[in-house]
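Have a look at the structure below, then the notes.
Derivation of every value follows stated rules applied to the coordinates shown; laboratory data play no part. All values reported here derive from a predicted model rather than from experimental measurement. Don't worry about glycine lacking a Cβ; one is built from the backbone with ideal geometry, like all the others, and counts go over all protein chains shown.
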Amino acid sequence: MLKVGLTGGIASGKSVVGEMFVAFGAHLTQADAISHQLMQPGEGVYEEVVQHFGGGILNPDGTVNRARLAEAAFGSPGENKPSRIQELNQIVHPAVIRRQEEWMEEIGRGDPRAIAMVEAALILEAGVAKRFDRLVVVTCESEQRVHRWAVRLGVDEDAARREVTRRMAAQFSDEEKIKAADYVIDNSGSLDHTQKQVRKVYDELKRATG
C-alpha cells in the first residue's frame, strides 16, 4: 500500500483534485471531515475545544459553530489579538492523525496494493509529511483562491481576500510546499488540464505500489 498526502494552500482545489484521484481508483479520506466528526458533542476533542475556547463558540443546540471557532482561533479581521490557531491545532491534530493512521491501516488490510490518500491542508505545518510515502501539492494563482473562497462562502471578494490572507498566514507558502512535494498539480487552468495532470500522477503512484 502507498500512503499519499494531498495538500495545498487554502482554496487551491484540493477537494476537486482528490475527487479526480478517487475516480481513477485511489482511496481518500479528508482531515477536515475527520475533524468535523471529532468536534461532535460527546467526543473528547469537542470537550477539550469547548474548555479552551469557551461556550461562545457553540450553537444553541450545543454543536460547534465553525465560523465562531475560526474567529476565536484566528482572531477577527482588524483585531490586534494574538492568533490562537496553534492552541487549536495542538488539541485537534493528534486525534485527527490517529484516525488517519487507523483508516490507512484498514485500507491496507483490504488491498495491499491500494493508494490510500489523505487530503489535509496542514500536512507540512503539522510536521507529519514523513508519515506518507509520497506528497502531492495542489497550487493555483492567488486571485483564483480569493474568487473560489468568495463563491464558496457567498461573500464579496474583498471579504474573501481578507479571510484568505488571514488563513494563509497560518500556512506554509506555496513555494515551501512545492519544495517538499513529490508531485505538484497546477490547478490554475481548466478542469481538463488538471485532470490530465492527476491521471499522470495516479499512473506513477500505481506503478509504485508494485
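What does the charge dipole of the range 2-208 about its Cα centre add up to, to the nearest 20 debye, if the Cβ of each Lys and Arg holds +1 and the Cβ of each Asp and Glu holds -1? Can you show the working numbers first?
Numbers: 27 positive and 31 negative charges, 79 e Å.
Once rounded to the nearest 20, the dipole reads 380 debye.
Could you tell me the extents of the chain's C-alpha atoms along the three principal axes, largest first, rounded to whole Å?
The Cα atoms of the chain stretch 51, 38, 28 Å along their principal axes.
Which value at 222 nm does the chain reach when only helices count, each DSSP H run of 4 or more adding -39,500 (n - 2.57), with the total divided by all residues and rounded to the nearest 500 deg cm²/dmol?
-17000 deg cm²/dmol, from helical runs alone.
Among all the lysines, which ones have a C-alpha under 18 Å from residue 206's C-alpha, if same-chain residues fewer than 8 places away are not counted?
Partners within reach: 3, 196.
Determine the distance separating the Cα centre of the range 152-180 from the Cα centre of the range 1-22; give it in Å without decimals.
After rounding, the separation between the Cα centres reads 17 Å.
Using the Cα centre of the chain as origin and beta-carbon charges of +1 (Lys, Arg) and -1 (Asp, Glu), tell me which of 17, 74, 60 is placed farthest towards the positive end of the dipole.
Going by the charge dipole, the pick is 17.
Just from the alpha-carbon atoms, what are the Rg and Dmax of the range 1-83 in angstroms?
When restricted to Cα atoms, the range 1-83 yields Rg and Dmax of 16.3, 47 Å.
Using a 10 Å cut-off around each Cβ, can you sort 117, 168 from fewest to most neighbouring Cβ atoms?
On the way: 117 27, 168 16.
In increasing order of surrounding Cβ atoms, one gets 168, 117.
Starting from the Cα of residue 177, draw a straight line to each of the aspartates and glutamates and keep only those under 13 Å, dropping any in the same chain fewer than 8 residues away.
125, 186
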